[in-house]
Structure formats: C-alpha cells, structure tokens
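Nothing in this text is a laboratory measurement; each read-out follows from the coordinates by a stated rule. Please read all numbers here as calculations on a predicted model, not as lab measurements. Every residue, glycine as well, gets a Cβ built from its backbone with ideal geometry; the counts of neighbours run over all protein chains shown.
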Amino acid sequence: MAEEEYLTIKEAAEAIGVARATMFKLLKDHNVTRYQVAGSREIRIKREDLEALRKPVPRPRPVARVIVGQEALGSKIAA
C-alpha cells in the first residue's frame, strides 16, 4: 500500500490553484478534511482529499419550456 501524502496549507492551495485564504475557507466549511500534527498547531491535508475537489459535479439539465400559439404569449395578432 502506498504511503499517503500530506500537504501544508500553502502546498494544498498551490496544488488546486487557489489562494491560502480560500484553502482556509474550504477547511472552515468542512469541504476538506484537516489533519492536526500531534503536539503542534500545524495542519495537513491529504492529497487524495484535494483530488476529490477536482472531480466535476454533475449539473441538472435545463428544463425546456414549450409555448404553443400566440395566446400563450399573452398577445394578439392584428388581422
């Protein structure tokens, strides 16, 4: 089994192309799991957790709306 790679806040931010402040916001909002280094205040983030952020989130497809005839538009055609 491969050894897990842990990154500092700065390294993690650089890895996904965001500012350090954004990385702290992701941690605060629990979008990324933080790991505390024993006996210190240092924070580490698993690289695999960051990779999960890069996966695209499926978006719902837009709903098509069909309008039938001019009456549906609320206007009348002059004859």
For this session: Count, please, the residues in the range 7-16 that happen to be surrounded by 12 or more Cβ atoms within 10 Å (Cβ to Cβ) and farther than 15 Å from residue 52 by Cβ.
Result: 5
Exercise. Is the range 40-61 home to any residue that is basic (Lys, Arg) and farther than 23 Å from residue 5 by Cβ?
Worked result: yes
Seminar exercise, completed: Per the filter on the range 14-39, residues free of Cβ contacts under 8 Å to residues at least 12 places away in the same chain and either over 22 Å from residue 3 (Cα atoms) or of a type in the set (A, V, I, L, M, F, W, C) (or both) are 17, 18, 19, 20, 21, 22, 25, 28, 29, 30, 37, 38
Problem set entry | Members of the range 17-34 that are touching a Lys or Arg at 6+ places or on another chain (Cβ under 8 Å) and farther than 16 Å from residue 52 by Cα | 20
Seminar exercise, completed: When the range 44-56 is checked residue by residue, the ones that are within 13 Å of residue 13 (Cα to Cα) and without any contact (Cβ under 8 Å) to a residue 40 or more places away in the chain are 44, 45, 49, 51, 53, 54
For this session: Mind counting the residues in the range 22-45 that are loosely packed, with under 10 Cβ neighbours inside 10 Å and of a type outside the set (D, E, K, R)?
Result: 4
Exercise. How many of the residues in the range 1-18 are in a loop (DSSP other than H, G, I, E, B) and within 14 Å of the chain's Cα centre (by Cα)?
Worked result: 2
